[in-house]
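A short worksheet on the structure shown next.
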Amino acid sequence: MISVEGLKVEFGVKPLFSGATFVINNRDRIALVGKNGAGKSTLLKILCGKEKPTAGNVSIATDTTIGYLPQVMILQDNTTVREEAQKAFSDIQDLKDRIDRMEKQLNERTDYESTDYMKLVEKFTSEHERYQMMGAEGYEAEVERTLTGLGFTREDFERPTSEFSGGWRMRIELAKILLRRPDVLLLDEPTNHLDIESIQWLEQFLAQSSSAVVLVSHDRAFINNVSNRTLEISCGKVIDYRVKYNEYVTLRRERREQQLRAYENQQKEMADIREFVERFRYKPTKAVQVQQRLRQLEKMVPVEIDEVDNSAMHLKFPPCLRSGDYPVICDEVRKAYSHLVFDHVNLTIKRGEKVAFVGKNGEGKSTLVKCIMGEIPFEGNLKIGHNVQIGYFAQNQAQLLDESLSVFQTIDNVAKGEVRLKINDILGAFMFGGEASEKKVKVLSGGERSRLAMIRLLLEPVNLLILDEPTNHLDMPSKDVLKEAIKAFDGTAIIVSHDREFLDGLVTKVFEFGGGKVREHIGGIYDFLQTKRISELSELNQATAQIDKPLQEKSSPVSVSQTSTKPVATSSYAEQKEQQKKVRKAERAVEDCEKKIALMEKRLKELDMLLCDPKNASDMKLVAEYTDTKRQLDCEVERWERLSEELEQL
């Protein structure tokens, strides 16, 4: 379907990759992997014809159609969800318009015996048969099935796309691409804005689709479930592994070990040759051997070792002025479009607090952020405190960057005063050192754009950070550095995120959005998940508990062991003492259980970080320990629930 031969791409002195040669066949499910900035998104753009390579050829078979979902897209605001999705069938509509015009001509013309009339009849017949073969009559039902699969309700179909958050609008674009049913699907981070049900639906859709698929994703489970082949961009080359992602991880580790052994052997051989040359350089009887050794040394091709991305950005927010005691106060805030987003929102965020906004997509998290920023109108009172200076990282931050500028120009345009003298140092800290600072924004990957947008946020001191999905497109090391920087930040932070690990240990209060209400939960993200009896933020969609109480009825999760338990009345002093003894024993059991759970969760987090490192990804000892610890944790949680129920009964 698509044949790639000798592909080379370069933006500076050193090419992104060169000599790339591979073929995309029918029903291939290809995971495209490599470190941030390696050229994954660039390769997808070349395959769909949006960019040209420096050298090499991309040959696409005749009549092959390609669907491309980019990381960054320009979205329309003047249509409904249904109308936007129906644009996928614009070619069918164009064909219908042509058929209607030909039918009108046939009815108006009277030269039935002429050659032109017969040609028109043949063309009309051919186009009408093609129209029917394309399944044009049933495309409305297909639009509804696809939109429903991606999480939309029937009530959403007639709503304007402008009412939806960035994540839902990206789903509309994904729906349009899937509805076209192209021969080749090129998907760049398709899961960034999807919840768990939509990801599973997409996995099933791709498994049943006859299209070839090339996808880039940081979601390891997703690419492993979808892929049957892996292309890796490393050391400026594209390496083809004809296995699914998990098997690729094992093969890559073995390949790198072989490369290391070959490199060490080559270095030893080169050292021996140099030693021989130095020892006998000035002996006439050894002149021939010395020249032979020198030629041998010149002909040696250095062994390359696959890259391991150990770089990390260093992030530090500048000192900020002290704000008022309450940077944000909401009093009976309400927002509605054609439907209610939220109502009776009453919340107060204190200076220095780090809080999370959580909830499924479309429940109003980003909408409330826009209300705080003053970007959209609302009802009720929303007060921004004294001396508050806001730094805002939007979900669609990458769209706000000028693609015609270089990385350096982007920062130079907003830098002021002495900061302009330190631009190169700042860019270097964010892995934009050297030639990378001269790259155009339009060639940056999603992760690189996110880092660049974060630099802009750092240039001016602020005391209220509002971060809307800041971890999208960031790899694990970058997430960890950003998290540590926010923890060390002196001001107040509001973080909108679905990333449980990112929020853990970072926030001390959670605001849950759902059912038109906003409810406050005191404590960290795991305290919140425990009160909801779920383990992942994505499970909020499946939680059976309905949010029917306003924000004023705050729930403060307290462990059972800390709750004062009053023993039931007994008929005698001895029975009462025995009851108290049972209660104390049950409390100790619950406390011991909670300590074990905390230790296992801590170890799981450590193992998770180790396994995110490519060099440990296929370490079977770590994988076995992770699996065993997870199993023990599940058992311990079940035991905790049982003991807690027994204590409650006592």
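A few notes on this one:
- Considering only the range 152-304, percent of DSSP beta bridges that pair antiparallel, nearest 5: 50
- Full extension of the segment from residue 292 to residue 381, taken as 0.36 nm per residue of separation minus the current Cα-Cα distance, would add 23.5 nm.
- Shape call, the range 326-405: gyration tensor on alpha carbons, a/c limit 1.5: oblate
- Between residue 262 and residue 299, the modelled labels are 1.8 nm apart [label points 7 Å from Cα along Cα→Cβ].
- Efficiency of FRET from Cβ geometry, residue 621 and residue 488, R₀ 35 Å, rounded to 0.05: 0.55
- Sites residue 631 and residue 408 - FRET efficiency at Förster radius 56 Å, r taken between beta-carbons, to 0.05: 0.65
- At 1.306 mPa s and 10 °C, Stokes D of the range 82-127 from Kirkwood alpha-carbon radius, µm² per second: 134
- Residue-count net charge about residue 325 - beta-carbon cut-off 10 Å; Lys, Arg +1, Asp, Glu -1: +3
- Separation of the alpha carbons by more than 18 angstrom is noted, of 602/630; 483/596; 87/335; 532/630; 335/517; 35/605, for 483/596; 87/335; 532/630; 35/605.
- Kirkwood hydrodynamic radius of the range 245-289, from the reciprocal of the average inverse Cα-Cα distance over all distinct pairs: 13.1 Å.
- 3J(HN,Hα) from dihedral phi, the range 591-608, Karplus parametrisation 6.51/-1.76/1.60, rounded to Hz, x for glycine, proline: 4, 4, 5, 5, 5, 4, 4, 4, 5, 5, 5, 5, 5, 4, 5, 5, 5, 4
- Spacing of the two label points (7 Å from each Cα toward its C-beta) at residue 113 and residue 98, in nm: 3.1
- Highest to lowest packing among 267-275, 220-228, scored as the average C-beta count within 10 Å: 220-228, 267-275
- Kirkwood Rh in Å, taken over the range 1-60 so that all alpha-carbon pairs contribute: 12.0
- Between the beta carbons of residue 63 and residue 480, assuming R0 = 51 Å, the FRET efficiency works out to 0.60 to the nearest 0.05.
- Geometric extent, Cα atoms of the range 200-253 - Rg, Dmax (angstrom): 11.7, 35
- Working ranking of peptides 171-180, 638-647 by packing, defined as the average number of other Cβ atoms within 10 Å per residue, highest first, is 171-180, 638-647.
- The lysines within cross-link reach of residue 299, meaning a Cα-to-Cα straight distance under 19 Å and a gap of 8 or more places when in the same chain, are 268.
- Chymotrypsin sites (Phe, Trp or Tyr not before Pro) lying in DSSP loop within the range 78-169, provided at most 10 other Cβ fall within 10 Å: 112
- Cα-based convex hull, the range 22-163, per residue volume (Å³, whole number): 205
- Charge tally in the Cβ shell below 13 Å around residue 401, where Lys, Arg are +1 and Asp, Glu are -1, residue 401 excluded: +3
No lab work stands behind these numbers, since they all come straight from the coordinates. None of these values were measured; they are calculated from a predicted model. Every residue, glycine among them, receives a Cβ derived from its backbone with ideal geometry; neighbour counts consider all protein chains shown.
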